[in-house]
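Working notes for the structure below.
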Amino acid sequence: MKLVSLASGSSGNAFLADSGSGLLLLDAGISYKTLRDEMAELGCSPDEIEAVLLTHEHADHVSGLPAWIRHHPDVPVFASYGTYEGLSREKIFPRLQKGAFELVRPREHISAAGFDLLPVPTSHDTPGSLAWRGDRDGGSFAVITDLGCWTEDLAQDMEGVSVLCLEANHDIRMLETGPYPYPLKLRIESSSGHLSNDDAAALLIRLWHDGLKEVLLAHLSRENNYPDLAVQTMISELKTNGIDPAAVPITAAPRTGLSHIICF
């Protein structure tokens, strides 16, 4: 099984997961051309995608959805009821083929593209936002982004994953002293905003286990974080808590373009 980030940040988000028997697109925050070009680099095509999962309806996660549905109207798009309702208020909604959507409830398992999938509710400033877990043949991945805080319930749902894609959006000190307007800083720091490096490290410590194969940090802020800083924060906090991170690669996904391919 494989997982790769196609884009990760406020300008667009998308992951591609390969179960070995099917491809899964998680979020559609990039143009169809970008999707096609990046998949060509990977030696595959959008025609091979069997399902799309949405985390929520913010533009950086759904901007490519109208074009995607136009090209692939028969591929199911899984979204929460809250995300679908949120989409109904967006400008792109009239361009969406409503029959493409399959609505899911939090913590109700679904199957698609060879994965057993679990949608897990997150704390973000939009109703129905989700993290996703995918399992197959003893391997598993989790994509946890766009949440202001994490809960023990979420942690329990994500225990034992092989690959963890985890938001590390901002360094708290950089955010507080940076150029953002004060109301935006409050939104990002709130319990329904985005995970800081420190909060991401706390969740990583909670989810650390002997079978963890790789950690990919995601949705880093351009203005309020650095990839090296996010990675070093994870490593430092792990060591402080008596965990040796040496055996598990911890990297940050690029804002645009492909990450390395994670095999699990």
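Coordinate-derived values only; no laboratory data. The structure presented is a predicted model; accordingly, all values stated were derived computationally and were not measured. All Cβ positions, glycine included, derive from the backbone under ideal geometry; neighbour counts span all protein chains shown.
Tell me, what ³J(HN,Hα) does each residue in the stretch 35-42 have, in order and in whole Hz, if you take phi through Karplus 6.51 cos²θ - 1.76 cosθ + 1.60 with θ = phi - 60° and put x for Gly and Pro?
With the stated coefficients, the stretch 35-42 comes to 4, 4, 5, 5, 5, 4, 4, 8 Hz.
Calculate the spin-label point distance for I172 paired with T251, positioning each point 7 Å from the Cα along the beta-carbon direction, and give it in nanometres.
Using points 7 Å along Cα→Cβ, the separation is 3.0 nm.
May I ask you to derive the FRET efficiency for D210 and L103 from their Cβ-Cβ distance with R0 = 51 Å, giving the value to the nearest 0.05?
Values: r = 37 Å, r/R0 = 0.72.
Approximately 0.90, to the nearest 0.05.
Counting Lys +1, Arg +1, Asp -1, Glu -1, what net charge surrounds D210 among other residues with beta carbon under 14 Å of its beta carbon? Don't skip to the answer; put the middle values down first.
Details: positive: K213; negative: E159, E214, D244.
Summing Lys and Arg as +1 and Asp and Glu as -1 gives -2.
Highest mean first, what order results for 157-170, 125-138 on Cβ atoms within 10 Å? Before the final figure, lay out the partial values.
On the way: 157-170: 23.6, 125-138: 20.5.
My ranking of the peptides, most packed first, is 157-170, 125-138.
How high is the FRET efficiency between Y182 and S45 when r is their beta carbon distance and R₀ equals 51 Å, given to the nearest 0.05?
Working: r = 46 Å, r/R0 = 0.90.
Computed FRET efficiency for Y182 and S45 comes out at 0.65.
For labels at D116 and L258 in the simple 7 Å Cα→Cβ model, what's the distance in nm?
Simple spin-label model gives 3.1 nm for this pair.
Could you check the spin-label model distance between E90 and E152? Points 7 Å from the Cα along Cα→Cβ, value in nm.
3.4 nm
Per residue of the stretch 180-195, what does 6.51 cos²θ - 1.76 cosθ + 1.60 with θ = phi - 60° give for ³J(HN,Hα)? Whole Hz please, x for Gly and Pro, Karplus curve as stated.
5, x, 4, x, 5, 4, 4, 4, 5, 6, 6, 5, 10, x, 9, 6
Which far-off residues, 5 or more places away or on another chain, put their amide H under 5 Å from the one on N225, with H placed in the peptide plane?
Sorted by chain and number, the residues that satisfy this are D171.
Out of all DSSP beta bridges with both ends in the chain, state the antiparallel percent to the nearest 5. Could you put the intermediate results ahead of the total?
Working: 26 of 49 bridges.
About 55 percent, rounded to the nearest 5.
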